[in-house]
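Everything on this sheet refers to the single structure shown next.
Only the coordinates and a few stated rules stand behind these numbers; no lab work does. Keep in mind it's a predicted model, so treat the numbers as computed, not measured. With ideal geometry, Cβ positions are generated from the backbone for all residues, glycine too; neighbour counts draw on all protein chains shown.
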Amino acid sequence: MTYNLLKGKKGIIFGALNDMSIAWKVAERAVEEGAEIVLTNTPLAIRMGDMDKLAEKTNAKVIPADATSVEDLENLIKESMAHFGGQVDFILHSIGMSLNVRKNRPYDDLNYDYMMKSMDISAISFHKLLQTARKLDAISEWGSVVALSYIAAQRTFFGYNEMAEAKAMLESIARSFGYIYGRDKKIRINTISQSPTLTTAGQGIKGMSDLIDFSERMSPLGNASADDCADYCLVMFSDLTRKVTMQNLFHDGGFSQVGMSWRAMNVYSMSLEDMKNNMDKIID
Ligand SMILES: NC(=O)c1ccc[n+]([C@@H]2O[C@H](COP(=O)([O-])OP(=O)(O)OC[C@H]3O[C@@H](n4cnc5c(N)ncnc54)[C@H](O)[C@@H]3O)[C@@H](O)[C@H]2O)c1
């Protein structure tokens, strides 16, 4: 169902790699809701991924940018403003990458050069984007910027590794910049803390499929899908949320508020039973 929530709005969407990407779903839904969009990703991701298909489907202009490069961001924003003939109304930062996770380095044996790069890509790029947009006065009054986060910013999720620090910094940047941008230009900046979702970035997390099952059992509403996340992003880009800023918004079927659920406990006790049986066998 469409509601024309973004009629006449213009936006930049970072991070659509393939049709599993959360940004891909946001792009499709934003256009369905009446927005015009620019799609961006690294030159490599554009070459290796399927963004051209998405651009065709959504009638979007593609402008490559490495989000860690201020020069690329300046070019992206200037070109987007020229394309739209003025400011943009919304931006999605849907970027995450951990070099240590990729290289299988555990949290107590991190490579610090990798770690700096992971922070740059996954968190500092958000600051670079906001600072560049502000200097170029690129976002319209009451505009909205959303970045995607995960609950490992607040609580320990073992396999999430250094991305926990990246997400904590990302959420902090949303608050710190949200104050400045809100005060000066009435621009909203929020993070959405999404359920674990099977995407290319998601698959890199240790034990991802078990984590998805665990979260599903823990969440009274079940995990939020990428499509659900797209819907939430649109609401945050719309005029219906004009006074929401500097927030980390959990979008997780209730997971963040649950300590224990019977659905998860049942699996745990079944495994205990199983283990006991197997141990008996071993003892026998
Ligand atoms: N999948 C999950 O379980 C989950 C849960 C919560 C939050 N998130 C967050 O959602 C966001 C999107 O991830 P996704 O799950 O859709 O995976 P994805 O792999 O589809 O998207 C990640 C994107 O980041 C882009 N990227 C990497 N380095 C970049 C750079 N230097 N400049 C610009 N773009 C760059 C990649 O090309 C890719 O398009 C990330 O911030 C991720 O941490 C994901």
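Give me the percent of Cα-Cα pairs in the stretch 10-283 that sit more than 28 Å apart, rounded to a whole number. Show your work: numbers first, answer last.
Working: 13364 of 37401 pairs.
Value for the stretch 10-283 (Cα pairs over 28 Å): 36 percent.
Quote the charge dipole size of the stretch 10-283 about the Cα centre in Debye, to the nearest 20; the model charges only the Cβ of Lys and Arg (+1) and of Asp and Glu (-1).
520 debye
Counting other Cβ atoms within 10 Å, which trypsin sites (Lys or Arg not before Pro) in the stretch 2-60 have at most 12 and lie in a DSSP loop?
K7
Which peptide among 109-116, 225-232 comes first, and what is the full order, when sorted by highest mean count of other Cβ atoms within 10 Å?
225-232, 109-116
Between the alpha-carbon centers of the stretch 4-73 and the stretch 175-248, tell me the distance in whole angstrom.
Going from one Cα centre to the other spans 17 Å.
Is there a pair in K78/K128; K9/K57; K9/K185; K10/K186; K53/K167 whose C-alpha atoms are over 21 Å apart, and which pairs would that be?
Beyond 21 Å between Cα atoms: K53/K167.
Using just the helices of the chain, give the 222 nm mean residue ellipticity in deg cm²/dmol: DSSP H runs with n ≥ 4 each add -39,500 (n - 2.57), and the total is spread over all residues, rounded to 500. Provide the component values of the computation, followed by the final result.
Working: 12 runs with 135 residues, N = 284.
Estimated from H runs of four or more residues: -14500 deg cm²/dmol.
Residue-wise, which Karplus ³J(HN,Hα) couplings in Hz belong to the stretch 173-178, taking 6.51 cos²θ - 1.76 cosθ + 1.60, θ = phi - 60°, and x for glycine or proline?
4, 4, 6, 5, 6, x
I want the local charge near M97. Using Cβ-Cβ distances under 13 Å, sum +1 for each Lys or Arg and -1 for each Asp or Glu among the other residues.
Computed value for this residue: +1.
Can you tell which of L54, A174, C229 lies farthest toward the positive end of the dipole of the chain, using +1 and -1 charges on the Cβ of basic and acidic side chains (Lys, Arg; Asp, Glu)?
In the chain, that residue is A174.
Compute the helix-to-body angle for 125-135: its Cα long axis versus the longest principal axis of the chain, expressed 0 to 90° and rounded to tens.
The two axes meet at around 20 degrees.
Mind pulling the angle between the C-alpha long axis of helix 70-84 and the longest principal axis of the chain? Nearest 10 degrees, somewhere in 0 to 90.
Value to nearest ten degrees: 60.
Using Cα-Cα distances under 8 Å and only pairs 6 or more residues apart, what relative contact order does the stretch 136-284 have, in percent?
Once divided by the residue count of the stretch 136-284, the mean separation gives 27 percent.
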